[in-house]
1. Could you list all residues from the stretch 64-81 that are open to solvent by 40 Å² or more (accessible area, probe 1.4 Å) and either within 30 Å of THR175 (Cα to Cα) or in a loop (DSSP other than H, G, I, E, B) (or both)?
2. Looking at the stretch 21-58 only, could you name the residues that are in contact with a Ser or Thr (Cβ under 9 Å, 6 or more places away or on another chain) and loosely packed, with under 12 Cβ neighbours inside 10 Å?
3. Test of understanding: among VAL27, VAL68, which residue is over 30 Å from LEU227 (Cβ atoms), of a type outside the set (Ser, Thr, Tyr), modelled with pLDDT of 80 or more and under 24 Å from the mean Cα position of the chain (by Cα)?
4. Would you pick out the residues in the stretch 177-195 that are more than 25 Å from THR236 (Cα to Cα), open to solvent by 30 Å² or more (accessible area, probe 1.4 Å), of a type outside the set (A, V, I, L, M) and assigned to a strand (DSSP E or B)?
5. PHE61 passes all but one of (1) touching a Ser or Thr at 6+ places or on another chain (Cβ under 7 Å); (2) of a type outside the set (Asp, Glu); (3) open to solvent by less than 50 Å² (accessible area, probe 1.4 Å); which number fails?
6. Does VAL198 satisfy being within 30 Å of ASP74 (Cβ to Cβ), modelled with pLDDT of 90 or more and open to solvent by 20 Å² or more (accessible area, probe 1.4 Å)?
7. When you check VAL249 against the structure, is it open to solvent by 60 Å² or more (accessible area, probe 1.4 Å), within 30 Å of GLY89 (Cβ to Cβ) and at pLDDT below 90, yes or no?
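The values are calculated or read from the model by the stated rules, or taken from the named source; none is laboratory data. For clarity, every value in this text was computed on a predicted model and none was experimentally measured. Cβ placement follows ideal geometry from the backbone for every residue including glycine, while neighbour counts extend to all protein chains displayed. Side chains are part of the model used for accessible areas, which takes the heavy atoms of the whole protein and leaves out ligands, DNA and RNA. Shrake-Rupley method; radii C 1.70, N 1.55, O 1.52, S 1.80 Å.
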Amino acid sequence: TVRRRFENGFSVGLAYTYSKSIDNMSVDPVGASSGGGLSTTNSRTATDIYNWRLDRAVSDFDRRHVLVVNGLWDLPFGKGRAIWGGAPGIVNHIIGGWSLNGIMFSMTGQPFQVQSGALTAHNGKVSRADVVGSMPTAKLQNVAGILGPVLFTAADLAQFAFPAPGSNGLQARNTFRGPGYTNFDLGVFKNFNVTERVRLQFRAEFFNALNHPNFESPRDSSDGSTLITSTGFGRTCCTAAATPSSANVIATGESARVIQLALKLSF
């Protein structure tokens, strides 16, 4: 973490986190409201309850890189400021008293696994898919005829296969990563000194100011699937993510730009 304390009308902060979370299961297996309520087809269900090490891997909610940048700037215009400090009253009311603040939040995507759609190991759990040839790369891309970006194309799908009878497919859980998450919020403020004791503030706040869409992994998307047997395999559509988290973490952020205007009177 690096911070420049507020001085001369300006402050800025930067925080970077590099982390790795490892577990055997990332949810409460009976907590249906928080990603649990597991079944034979649920991607978070244990491969074999008698051998938990088969599922030891990075957690479903693991975020390897997280970057947060924030800043506050009282613009140096108007009475008593570095630029046009001697501006007359009416001019000062226009150019003086402006402030900007913002926060940018960016992080890498969450892990997920590709499922075969078949009970190949012990008829009790859908196994992970196997890979034929080179490992496909999960990346956002547009495909003709499909609404919204996908992480795998038809050519990628051809590289996945059903595991051999009695096997669990890919050895590692959560082999792939979904798309990252980026959000920028901006605030614009204007202070008016009506009298010596009365002050009016105008606020304009922009949440997801760049209107940047964030897409979920196929595991969490509304129209996607991690099953290679599904017609929605690899899709991230159709609702842009409003949260940098999995279903078991409180949602934050906005899926589309939200503009909020306000007036504040102090006396």
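1. Listed by number, the residues that qualify are ARG64, HIS65, LEU67, VAL69, LYS79, GLY80, ARG81.
2. Of everything in the stretch 21-58, those that are in contact with a Ser or Thr (Cβ under 9 Å, 6 or more places away or on another chain) and loosely packed, with under 12 Cβ neighbours inside 10 Å turn out to be ILE22, SER39.
3. Only one candidate qualifies: VAL68.
4. Once the filter is applied, which keeps residues that are more than 25 Å from THR236 (Cα to Cα), open to solvent by 30 Å² or more (accessible area, probe 1.4 Å), of a type outside the set (A, V, I, L, M) and assigned to a strand (DSSP E or B), the stretch 177-195 yields ASN191, PHE192, ASN193.
5. (3)
6. In short, yes.
7. Criteria not met by VAL249.
Residue by residue, here is whether (1) touching an Asp or Glu at 6+ places or on another chain (Cβ under 7 Å); (2) in contact (Cβ under 8 Å) with a residue 24 or more places away in the chain holds:
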{"site": "TYR16", "(1), (2)": "no, yes"}
{"site": "ASN24", "(1), (2)": "yes, yes"}
{"site": "ILE49", "(1), (2)": "no, no"}
{"site": "TRP52", "(1), (2)": "no, yes"}
